[in-house]
Amino acid sequence: MRRTVLSLSLAATLLGGCASDGGPQPSARALELSAPVALAAGAVWMASDLAYLEPEYLAGMLVAYGIYDPLAPTWKIDVSRVGEDRLRMDLRMKALATGGDGEARRVFLRNAREVVEAGGFAGFDVLRYEEGIESTRPFARRFASGEIRLVRSQIFPGL
């Protein structure tokens, strides 16, 4: 019975926008909302049909989500002051990540620019930069480390 109700509601939602009897057409907003509803109904229907809503599957999904954590940032960045005008930045990639293998330098430079702009400096010089892979157990992790020198404006020393 539940399968019949879900399939009928899914069909009605999907076919609701296809009627063209010359009468009033559904608004763009109604059509915009019907697609996600149909997608969600189809996903729930498929998950229940495949028995993925059983407690053991749900527990496994929660454990996998906790380990992978797709909403966590890909890089963990630690910034420490080395001198009056020098900063050291250490970046570590999360253990399970999809992609992001070649972006360490971009992340390093972007964060260096943010530090410079927040501190009111004119720019920065990269004094040292290295990146590689740490072979830790159970997963290897990418890392990057570098040191920058904060530069004040020569023309406007107050900036």
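The numbers here are math on the coordinates, done by the rules we state, and not lab data. Because the structure is predicted, anything quoted here is derived from the model rather than measured. Every residue, glycine among them, receives a Cβ derived from its backbone with ideal geometry; neighbour counts consider all protein chains shown.
Using r as the Cβ-Cβ distance of T74 and M46, and R0 as 25 Å, what FRET efficiency do you calculate, to the nearest 0.05?
According to the calculation, E is roughly 0.25.
In which sequence would K94, K76 go, from the one with the fewest C-beta neighbours within 10 Å to the one with the most?
Listing K94, K76 from fewest to most nearby Cβ atoms yields K76, K94.
Toward the positive end of the charge dipole of region 75-151, about the Cα centre and with charges on Cβ (Lys, Arg +1; Asp, Glu -1), which of S135, A112, L91 goes farthest?
Working it through, the farthest residue towards the positive pole turns out to be S135.
For an R0 of 30 angstrom, estimate the FRET efficiency from the Cβ-Cβ distance between E84 and T136 and round to the nearest 0.05.
Details: r = 34 Å, r/R0 = 1.14.
It comes out at approximately 0.30.
Please give the length that would be gained between L58 and S153 if that part of the chain were fully extended, namely 0.36 nm times their separation in residues minus their C-alpha to C-alpha distance (nm, one decimal). Walk me through the numbers before you get to the answer.
On the way: separation 95, 0.36 × 95 = 34.20 nm, distance 5.69 nm.
That works out to 28.5 nm of additional length.
Treating the beta-carbon of each Lys and Arg as +1 and of each Asp and Glu as -1, no other charges, what is the dipole magnitude of region 75-151 about its Cα centre, to the nearest 20 debye?
Working: 15 positive and 13 negative charges, 54 e Å.
The dipole magnitude comes to about 260 debye.
I need E84, E103 ordered by Cβ neighbour count within 10 Å, fewest first.
Ranked by crowding around the Cβ, least crowded first: E84, E103.
Quick one: if you stick a label point 7 Å off each Cα along the C-beta vector at R128 and A95, how many nm between them?
Here the answer is 2.9 nm between the modelled labels.
Determine, for I155, I77, the number of other Cβ atoms within 10 Å of each Cβ, and report the residues in order from fewest to most. If you can, show how the numbers build up before the last one.
Values: I155 6, I77 14.
Ranked by crowding around the Cβ, least crowded first: I155, I77.
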